[in-house]
Amino acid sequence: MKRCHHPSWTGRGICRRVPGLCDNKSHVHSAAYRADAARPSASSLSHPDWLFELKYDGFRALAYVERDSARLVSRNGNTFTTFSDLCENLRRTVPHQAVLDGEIACLDGHGRSHFNRLLFRRGIPLFCAFDLLWLDGRDLRHVPLIRRKRVLRSIIPRRSSCLLFVNHVERQGERLFRLVCEEDLEGIVAKHRQSPVSPRHQRLDQS
């Protein structure tokens, strides 16, 4: 296997221990499992209809990327005003007009998210993108999640200091959850692979 340069899989390397989590080759209906919560059943974490992602501790946001600007908007519709550098980097990194769903987070060298670093601006934030709602004039909110994620993967560079593609595993949720507990990470999120965007997150800010 090639060495993984993905910023969140460095250190002890969860990607090397959960096949499929890292693709370092040449809202939706979801459930979140915290590492300190009661252990979910094995059957719920191995069902073929579900995808499993790492959970990050940060600010949930939509990234609106235009040709000449980018902005980050909270779930309450408020524009973040303190991430101007991140917005400019996103504009330069994503060569499309797009709306990405994700989390603004600060990660350490082992891929652990640190909310206090983000809150008190003690680290360099990046955008952890796990969904794509709109791309170059096309509304993707009714497209199945697995297809949205494939398109999202195609527009995010393999190496970026400001933008992270949140990958997923299939049928490996129990193993991923166990490793998240061992590594003291935030948790995992389970999402139905055929799900459209949840009605709670249907509205896009057009301003």
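Full extension of the chain between residue 82 and residue 120 gives 12.6 nm of extra length, using 0.36 nm per residue less the Cα-Cα distance.
Cβ crowding within 10 Å, taken as a proxy for footprinting-reagent exposure, orders 101, 85, 68 from fewest neighbours to most as 68, 85, 101. Here the gap between residue 147 and residue 204, fully extended at 0.36 nm per residue and compared with their Cα-Cα distance, gives a gain of 18.6 nm. Between residue 68 and residue 46, full extension at 0.36 nm per residue minus the direct alpha carbon distance yields a gain of 3.6 nm.
Rule-based calculations on the coordinates, nothing more; no lab input. Note that the coordinates shown come from a computational prediction; the quantities given were computed from them, not determined experimentally. Cβ atoms come from the backbone with ideal geometry, glycine included; neighbour counts cover every protein chain shown.
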